Every structure is written in structure tokens, then in C-alpha cells.
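These notes concern the structure reproduced below.
The values are calculated or read from the model by the stated rules, or taken from the named source; none is laboratory data. Please read these numbers as outputs of a predicted model, since none were measured by experiment. In this analysis, Cβ positions are derived from the backbone assuming ideal geometry, glycine residues included, and neighbour counts consider all displayed protein chains. These accessible areas exclude ligands, DNA and RNA; they are computed on the full protein's heavy atoms, side chains included. Shrake-Rupley method; radii C 1.70, N 1.55, O 1.52, S 1.80 Å.
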Amino acid sequence: MTVGRRLSAGILAAALSAGCAVRVPPPAAPARAPEGDPWRGVLQRFVDAQGRVDFAGIAREPAALDAAVARVAAEKPPASATPWARLAWYLNAYEALAMYGVIRAGIPQELASQRVEFFDRNRYLVGGEWLSLAALENERIRPLGDARVHFALNRMVRGSGPLPREPFEASRLDSQLEAAARQLLSNARYVRLEKGRRVVGFSEVLHWYQADFLAAAPSLIAYANRFRDDPIPADWTVEFFGYDWTVNRQ
């Protein structure tokens, strides 16, 4: 009922979650804010080479993440800039807020049991608007980008790809999205081949957002093959396997 499943039960989920919405106030900007881009500082200091997050370290030293979230609340997305600039801004905002949400929730082991609260009910201040993570994804990010955003967007769980150690940037966003799609669609975390059965198993993400992928290619296999060195036979059967909601902690 949350994240991608809003596509099939969106009206009911929105109605239910709106009635229980919780506004999460942004943290006060630290008195001694970190120099430079605080979100870049968080990624470089607290994310390892495997894309896992040191949530406990951030909880002990929250100044940089607090500054990043406070900036998301106060700044407006670049209205007059290119679509790439707006998309990069929203992607960085989403990931900073998702990370903040994990810290605020006490760094749980997994998010499956609290998906509605985490993604739908909790509202964050984003450029002056109160938005849930689901609304930020479905109403701001998806209309600006292409289907590759689903491989770049990180929900701070293992079902997402590894979290990059650098922010999204407008000047490099096309190549960043391309790299994310290639990395995940060649990885058994998202694509599992069963040659004996002639079956390809896709992550549930490709099921949730199937309409986005099929708007860009005639089939999910055709879409995936755009980013693979070893193409999947077009006549294989498609199945889906579950999304891993375990928090992506170090």
C-alpha cells in the first residue's frame, strides 16, 4: 500500500494516510554548520564503499545530517533551472529525509512493519511544502525524470541499490542514472536468471513501477536489456521476487 503499491491502491492509501498524517518538524540548523555541502559530507563520512550507512555514527554526530535536512526544508527547488537540476535536488532531498527518518525511528532492523508510517504518514518540510516520502517520489520525482530514477532512488534499505558516496548533480545526472541502472540490472539483487526454467526474476520494484518501464520499452525484458551486457532472451517468462526492507546499515 506504500511506495510503488500506491499505483494500484493509491486513492485508498492516500485517503487513509492523509487522515493520520504526522508533520515531522525539521531539525534546527546547527549553530556551527559544517562547511560546504552538508549532504556531501554525510555521504563521504558515513557511507562505506559498499554503499552501507553508519546510522549509529550519524546518531552520535548528527550535525551534518541535521544541516542537510534543515536546508531541504528552507530552500526551494531550482524552479528556473533545467529539469536535471530539479530532479537532482529532489533525489538528494529524498535520500536525506529517508536517512533522517531511519535515525528518527531509532534505527530499526527493517522497515516492512512500518512502511505506511515511514513513507506515507510522516510529512517533511520540502522547500516549504509538507510532503511524505511517497508524495515526494510520486508527485515530484517521477514526473521530472525517467524510469531510471527507480534504480537511483535509495530508501535506506537493502532492496535499494548501494547508496553512492556523492550527491546527485545536474551536470552529471544523466550518467549517474545510467550507472545506477546498469549496476542494478546486472546484479542478482534485482535480476535473477533461471536458465533451466527459462525464467527471469525481477525485483518487485519493476512490478511496482511497471507502467514507467513499459512507457520506455515494449517489455520489462527489453527495458532491462538496454543496460545489460548479457541480454535476457525475449521469450523468457517474467516473475517477481520480494523487496528486502532490511535497513541498509553497516
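Expressed to the nearest 5 percent, the antiparallel share of DSSP beta bridges inside the chain is 55 percent.
Under 5 Å between amide hydrogens, built in the peptide plane, is the criterion, and for Phe227 it picks out nothing among residues at least 5 positions away or on other chains.
Segment 129-250 gives an Rg/Rh value of 0.96, both radii derived from C-alpha positions and Rh following Kirkwood.
The residues of the chain present an accessible area of 46 Å² per residue when probed at 1.4 Å with all protein chains retained. Taking the Cα centre of the chain as reference, the dipole from Cβ charges on Lys and Arg (+1) and Asp and Glu (-1) amounts to some 260 debye. Classify the chain: rounded, prolate or oblate, from the alpha-carbon gyration tensor (a ≥ b ≥ c, eigenvalue square roots; a/c under 1.5 rounded; otherwise prolate if a/b is larger than b/c)? Prolate.
Spatial offset of segment 176-219 relative to segment 145-161 amounts to 12 Å, using the alpha carbon center of each. Extension gain, Trp130 to Thr246: 0.36 nm times the residue separation minus the Cα-Cα distance gives 39.1 nm.
Please state the shape class of segment 93-159: rounded when a/c is under 1.5, otherwise prolate if a/b exceeds b/c and oblate if not, all from the C-alpha gyration tensor. Since a/c reaches 1.5 but b/c is at least a/b, the shape of segment 93-159 is classed as oblate. Heavy-atom surface analysis with a 1.4 Å probe gives the chain a carbon and sulfur content of 51 percent of its accessible area.
Computed over Cα pairs, the Kirkwood radius of segment 52-117 leads via Stokes-Einstein (0.890 mPa s, 25 °C) to a diffusion coefficient of 185 µm² per second. When the Kirkwood radius is taken over all Cα pairs of segment 110-200, what Stokes-Einstein diffusion coefficient follows at 20 °C and 1.002 mPa s, in µm²/s? Rounded to a whole number, D works out at 142 µm²/s.
Using a simple spin-label model with pseudo-atoms 7 Å out from Cα toward Cβ, Asp48 and Arg198 lie 4.3 nm apart. Residues of segment 187-204 falling in the label zone of Ala217, defined by backbone nitrogen less than 15 Å from a point 7 Å along Cα to beta-carbon, are 187-188, 190-193, 200-204. Computed with every protein chain present, the accessible area of Arg249 is close to 70 Å² [probe 1.4 Å].
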